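Q: Can you read through this structure? Questions will come right after.
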Amino acid sequence: MKTIELIVPCYNEEKCIELFYNAAKEVFKKLPTFRFIITFVDDGSKDDTLNEIKRVASIAREEVVQYIALSRNFGKESAIYAGLSKSTGDYVALIDADLQHPPELLVPMIDAIEKEGYDRATARRVSRKGEPLIRSFFSKAFYSIINHITVLDLISGSTDYCLMKRTVVDSIVSMSERERFTKGIYSWVGFKNKWIEYENVERIAGHTKWNFLGLLRYAYNGFIAFATTPLRGVIYLGIIITIVSFLYAATIGIAALKNPLVPRTGYNSIMIVLLFLGGVIITTLGVIGEYLARIYMEVKNRPIYIERETNIERDSGDDQKKAETDNDICSGKGL
Ligand code: UDP
Ligand code: MG
């Protein structure tokens, strides 16, 4: 019998825990051939969330309800990582506590994996009903920019509500970087994903933890974690300024040849030197930045490749070690 584990990050969700648990149980009834674990990750809540979780855990009978309580609020991405790295289920789902991620989608998600051969099924909102227009606008702009300047292929409306096979979970956990831009990491690890579409749902109780500044910070982290294009932009800027300095020098030179008798001020020569040196300095900064970007990507220690399947029998631990130590393999790291 296979086990499905739900990982539920919770931050100040005291009103949602029991509602979530009841809704999840309804869905479990529809899937009698599976065992279920619910892992609540209490992300340093300041209200009664943890006690609520403990209470629910004490009344759970058919399914296992367990929890991890973090020492303070580390943010949703870290809470998810905590849950994933401790997970044991054959299939693992990430789902919000506020019922904005409808648990009944688990049924088509399981079908996608078991019957259709996908490795992962991810929920995607087709409408942004009930969301402020400005948030939708910035969200669309964010996806369009990040897809252009990184190797990532993110889809607007994609959520982090998903169900995945054990192999996918292990690859995500093997991405040991601190600054965790989860959507980017999901896209980076690859695997066959099926999008399961649904209409936006309002949260059942409590308040969203996001404000506009928080979202901006999230977007910014996404760019910095996966994109090095801005640094390359610095090099181009430097080169352009240097070229401009040459063009300027040439124009002044030609003008001087044409009218040798017109007296020249020192202004021209100072401008030429300024432009030239400025260009050289900016280019050098860009080159240094480029190396810094590579060091940044390198210290993330991402795996060099991720295997989907193989018929070569080898201890999977060896594979990982090989990926970490073999420097000769031309790195496929997407910058
Ligand atoms: N969450 C968390 N830590 C945080 C912020 C949020 O674990 O620092 C959890 C929260 O309890 C919820 C999920 O992440 O289960 C989504 O948060 P929220 O509903 O506030 O985000 P939104 O749905 O508005 O994007
Ligand atoms: Mg929510």
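Q: Take the Cα radius of gyration of region 109-156 and divide it by 2.2 N^0.38 Å, with N its residue count; two decimals is plenty.
A: With N residues counted in region 109-156, Rg over 2.2 N^0.38 Å equals 1.50.
Q: Show that you can apply the helix-only estimate: for the chain, add -39,500 (n - 2.57) for every DSSP H stretch of four or more residues, divide by all residues, and state [θ] at 222 nm to the nearest 500.
A: When only DSSP H runs of four or more count, the value is -16500 deg cm²/dmol.
Q: Same structure again: Stokes-Einstein at 4 °C, 1.567 mPa s, Kirkwood radius from Cα pairs: D for region 143-269 in µm² s⁻¹?
A: 66 µm²/s
Q: With a 10 Å Cβ neighbour count serving as the proxy for reagent exposure, in which order, fewest first, do THR182, THR88, THR265 appear?
A: Lowest count first: THR265, THR88, THR182.
Q: Test of understanding: ordering GLU5, GLU197, GLU290 by Cβ neighbours within 10 Å, fewest first, what list do you get?
A: So the residues, fewest neighbours to most, are GLU197, GLU290, GLU5.
Q: Between ILE312 and ARG135, what is the label-to-label distance in nm when each label sits 7 Å out along the Cα-to-Cβ direction?
A: So the label points at ILE312 and ARG135 sit 4.7 nm apart.
Q: Report the per residue volume, in Å³, of the convex hull enclosing the C-alpha atoms of region 214-314.
A: Here the figure is 176 Å³ per residue.
Q: Further question on the same structure: Suppose the Debye formula is applied to equal point scatterers at every Cα of region 207-255; what is log10 I(q)/I(0) at q = 0.18 Å⁻¹?
A: Reported log10 I(q)/I(0), two decimals: -0.70.
Q: For PHE36, list long-range residues whose amide hydrogen, built 1.01 Å from N in the peptide plane, is under 5 Å from its own amide hydrogen.
A: Hits under the 5 Å cutoff: ILE4, VAL64.
Q: Enumerate by residue number the trypsin sites (Lys or Arg not before Pro) in region 106-159 meeting two conditions: DSSP loop (anything except H, G, I, E, B), and at most 13 other Cβ atoms within 10 Å of the site's Cβ.
A: LYS115, LYS129
Q: Also: Do any chymotrypsin sites (Phe, Trp or Tyr not before Pro) in region 149-230 lie in a loop, going by DSSP, with at most 13 other beta-carbon atoms within 10 Å of their beta carbon, and if so which?
A: Answer in residue order: TRP210.
Q: Taking 1 over the mean of 1/r across every pair of different Cα atoms in region 130-213, what Kirkwood radius in Å do you get?
A: By the Kirkwood definition, the hydrodynamic radius is 15.0 Å.
Q: Just the projected area, averaged over all directions, of the convex hull on the alpha carbon atoms of region 20-141: how many nm²?
A: 9.5 nm²
Q: Using only the alpha-carbon atoms of the chain, report the extent along each of the three principal axes, biggest first, to the nearest angstrom.
A: Extents along the principal axes: 99, 51, 37 Å.
Q: Now, a different point. Quick one: which of LYS46/LYS194; LYS2/LYS209; LYS54/LYS209; LYS76/LYS115; LYS115/LYS183 span more than 27 angstrom between C-alpha atoms?
A: LYS46/LYS194; LYS2/LYS209; LYS76/LYS115
Q: Could you pull out the trypsin sites (Lys or Arg not before Pro) across region 155-236 that fall in loop regions by DSSP (anything but H, G, I, E, B) with no more than 12 other Cβ atoms inside 10 Å?
A: ARG178
Q: Which angle from 0 to 90°, rounded to the nearest 10, does the C-alpha axis of helix 17-30 make with the longest principal axis of the chain?
A: With both axes taken from Cα atoms, the answer is about 70 degrees.
Coordinate-derived values only; no laboratory data. All figures in this text were calculated on a predicted structure; none of them were measured in a lab. As a convention, Cβ positions derive from the backbone with ideal geometry for all residues, glycine included, and neighbour counts pool all protein chains shown.
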